[in-house]
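The values are calculated or read from the model by the stated rules, or taken from the named source; none is laboratory data. Quick caveat, the model's predicted, so the values are computed rather than measured. Don't worry about glycine lacking a Cβ; one is built from the backbone with ideal geometry, like all the others, and counts go over all protein chains shown.
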Amino acid sequence: MKAAPSPEEIRRHNLGTLLRHVHLSGQASRAELAERMGLNRSTIMALTSDLTAAGLVREELPRTRGRAGRPSLVVRPESSRVYVLALDVGADRLTVARIGLGGVVLARGNAPRPPDPFDPDAVVSELAGQARRLVRAARPDTVCVGIGAAFSGIVRQEDGVVRLSPNLGWTDVPFGAELGRRLGMGLRVSVGNDANLGALAERERGAGAGLDDLIYLHGDVGIGGGVIVGGRLLGGEGGYGGEVGHMVVNPGGRLCGCGSRGCLEAEAGELALLDAAGRRGPGGREAVAAIVDAADRGDVAARDALHRVGDWLGHGVANLVNIFNPAMVVFGGVLRDIYLGAAAQVRSRLALAGLGAARERVRLRTSELGEEATLMGAAELAFSDVLADPLETLVRGKNPLP
Amino acid sequence: MTASAPPDGPVIELRGINKSFGPVQVLHDVAFSVHPGEVTALVGDNGAGKSTLVKCIGGIHPIDSGEYLFRKEPGGEPVPVHVGSPRAAAALGIEIVYQDLALCDNLDIVQNMFLGREEKSGIVLDEYEMERKAAETLAGLSVRTVKSVRQQVASLSGGQRQTVAIAKAVLWNSRVVILDEPTAALGVAQTQQVLELVRRLADKGLAVVLISHNMNDVFAVSDRIAALYLGQMAAQVKTCDVTHAQVVELITSGRSGDLGLAGTNGNGNGARA
């Protein structure tokens, strides 16, 4: 058993907790913080003045007028000064953004998909180039406190190694270390699975705010899943769990990128939809949106394709609901369009295949963060160091670009 | 109600509503309930009585007979109310967004949202306060598509107009918002935005009634489906318990399996089941 925490540890914990409250709610008065954290106002004052001195938050008079009495000062995050780099590596696009404390997107760059996405070097140098451009454009008094990347593939979180990405064809690529070396900012690059990060982001800032049991399904070229059970992300022994896109829903069905047949992503993913609709050419969300649009205008082939894919998606959702009994299933990426275009099929299948008790209260929602879900997740990953130990991380973060 | 029902029951409960226009009886003994925090989809074929029912709720048509119960406070007891005019409905917190939206093209968003109910400070209009409330309401609904609240409505797209009309309805601390075919004339991207907005209204605790012909929209956002068939309520069911085919049957023949009206003389033979 561990001895009681030292006063220093308690202070660090309190600083982190306070900063997290301000980070997630955007602003909070001292009185609200005292109530939420269960601390007295003088402790809150001491903590906020430490964080203010470090340049992480600032205090100001509230803007709303009205109630009688001396107004409680409002604590706001220093969004434009303290930021992280968030990177999103999807199968068909790369996004890099500078995101300020409090979750404000300060600047973003959409790198085009590199000519050869199967070459890790090309992807890393494209990302590093974009990131350095954003950092250079930032004001000199700003500080980067972390770097996080969302990757569509199976990732070992401790060291940022991409174990497998069927849609990019990567196996055991030391992506995080390589990217960190190229950026040369003296900061660790944390890498996470995009759907897992999307799930966390939706739970902290999106449709699933405050829910402890939530499944986020992210549609890219494949389908990724982030499963939150009892308030914790389901990882499994190696942290590779939650790959719901490779749950077999149709044995002997379409061939999947992973080598198996009839996986959920092979039957309900973007490629299945494009194929079923008889479309050729590049995929991506524009192609999916075009099919939903055509179906709405009465194109029979597009409508049938959407219905078929929606039915398979319903099979997947029904399985997940039966196994995990989530409070909510959130559809993100291209699955947002597919769900809204084929909700009748998805829900009908859920009504038929879902167990009554497991499905009776489940809510199906589209991602509230939309395109930003995985990017915001990457930002939250990058912020996790500064939120755990604000002052120490800030000292480490003061490394300008070489 | 089952244990899964929200703690406080329906905000509006109608029982045995009858309504005739001269010799034509449009609503027969209709029961209908609307729950807070939920989207209740009202579906039915053309002429099934959807619009008449909604107009009875909104006080435009007086009901001939039946009970109209309204829960004035969350958790309170439902009390019988007499809703004889749209003003009486608005006083209870019931707002209806009609298909034609009833927005004025030559006014801006703020002017439209406060039309006829302007905020005043002394004898002049309190433009600052109205602008602030309008912006706050739109932000509260996570509407990011509208650039400025001083934009003229004529310059807005169909989806943005629908958004403004819905925001206008929720501005007044309303408790029930009834939307008549909100996605009817919209493209796919705008339909998606409006559907997500409808869902957000309910998630904020409002009771939402959605009239729609589009089964997909109904399944995408509703918690309950009420199907009208020739002026009778065929069934009011939870969306998670029914399939697309069953709802289509309820609409076209008034019954599906054990659901629906007893003793309709089976002109629907369940071919799609």
Within the range A:343-356, can one find any residue that is within 10 Å of chain B (Cβ to nearest Cβ), under 16 Å from B:ASP223 (Cα atoms), free of Cβ contacts under 8 Å to residues at least 24 places away in the same chain and part of a helix (DSSP H, G or I)?
-> yes
Which of the residues belonging to the range B:218-237 are within 10 Å of chain A (Cβ to nearest Cβ) and either closer than 22 Å to B:VAL26 by Cβ or in contact (Cβ under 8 Å) with a residue 40 or more places away in the chain (or both)?
-> B:VAL218, B:VAL221, B:SER222, B:ASP223
In the range B:65-85, is there at least one residue being of a type in the set (A, V, I, L, M), in contact with a His (Cβ under 9 Å, 6 or more places away or on another chain) and more than 14 Å from every other protein chain (Cβ to nearest Cβ)?
-> no
Which residue, of A:VAL321, A:VAL317, A:VAL334, is touching a Lys or Arg at 6+ places or on another chain (Cβ under 8 Å), more than 18 Å from B:GLN193 (Cα to Cα) and away from chain B (no Cβ under 11 Å)?
-> A:VAL317
State all residues of the range A:146-159 that are closer than 30 Å to A:VAL57 by Cα and either surrounded by fewer than 16 Cβ atoms within 10 Å (Cβ to Cβ) or at pLDDT 90 or above (or both); if no residue qualifies, say none.
-> A:GLY146, A:ILE147, A:GLY148, A:ALA149, A:ALA150, A:GLU158
Inside the range B:232-262, the number of residues satisfying the requirement of being farther than 14 Å from B:SER212 by Cβ and under 18 Å from the mean Cα position of the chain (by Cα) is 5
Any idea which of (1) more than 8 Å from every other protein chain (Cβ to nearest Cβ); (2) more than 22 Å from B:LEU53 (Cα to Cα); (3) buried (at least 18 other Cβ atoms within 10 Å of the Cβ) is the one B:GLY260 doesn't satisfy?
-> (2)
With respect to A:GLU243, determine if the residue is without any contact (Cβ under 8 Å) to a residue 12 or more places away in the chain and either of a type in the set (Asp, Glu) or crowded, with 17+ Cβ neighbours inside 10 Å (or both).
-> no
Matching residues, the range B:221-241, being surrounded by fewer than 24 Cβ atoms within 10 Å (Cβ to Cβ) and either small (Gly, Ala, Ser) or out of contact with any Asp or Glu (no Cβ under 9 Å at 6 or more places or on another chain) (or both) = B:GLY231, B:ALA235, B:GLN236, B:VAL237
What number of residues within the range B:190-217 are within 9 Å of another protein chain (Cβ to nearest Cβ) and aliphatic (A, V, I, L, M)?
-> 2
May I ask you to verify whether A:ASP385 is under 22 Å from the mean Cα position of the chain (by Cα) and facing another protein chain (nearest Cβ under 9 Å)?
-> no
Filter result (free of Cβ contacts under 8 Å to residues at least 40 places away in the same chain, outside any loop (DSSP other than H, G, I, E, B) and acidic (Asp, Glu)) within the range B:35-87 = none
Looking at the range A:66-95, which of its residues are farther than 13 Å from A:PHE151 by Cβ and surrounded by 23 or more Cβ atoms within 10 Å (Cβ to Cβ)?
-> A:VAL75, A:PRO77, A:VAL82, A:TYR83, A:VAL84, A:LEU85
Could you count how many residues in the range A:361-377 are within 9 Å of chain B (Cβ to nearest Cβ) and among the charged types (D, E, K, R)?
-> 4
Please enumerate the residues belonging to the range B:107-135 that are assigned to a helix (DSSP H, G or I) and loosely packed, with under 13 Cβ neighbours inside 10 Å.
-> B:TYR128
Among residues of the range B:178-189 being crowded, with 23+ Cβ neighbours inside 10 Å and in a strand (DSSP E or B), the residue nearest to the other protein chains (Cβ to nearest Cβ) is B:LEU179
Looking only at the range A:286-309, decide whether some residue is under 19 Å from A:ALA207 (Cβ atoms) and within 14 Å of chain B (Cβ to nearest Cβ).
-> no
Can you find even one residue in the range B:8-30 that is more than 23 Å from B:PHE219 (Cβ to Cβ), assigned to a loop (DSSP other than H, G, I, E, B), modelled with pLDDT under 90 and assigned by TED's automatic domain parsing to the domain that holds B:LYS238?
-> yes
Looking at A:ARG285, A:ARG254, A:ARG232, which one is more than 27 Å from B:ALA189 (Cα to Cα) and either under 22 Å from the mean Cα position of the chain (by Cα) or hydrophobic (A, V, I, L, M, F, W, C) (or both)?
-> A:ARG232
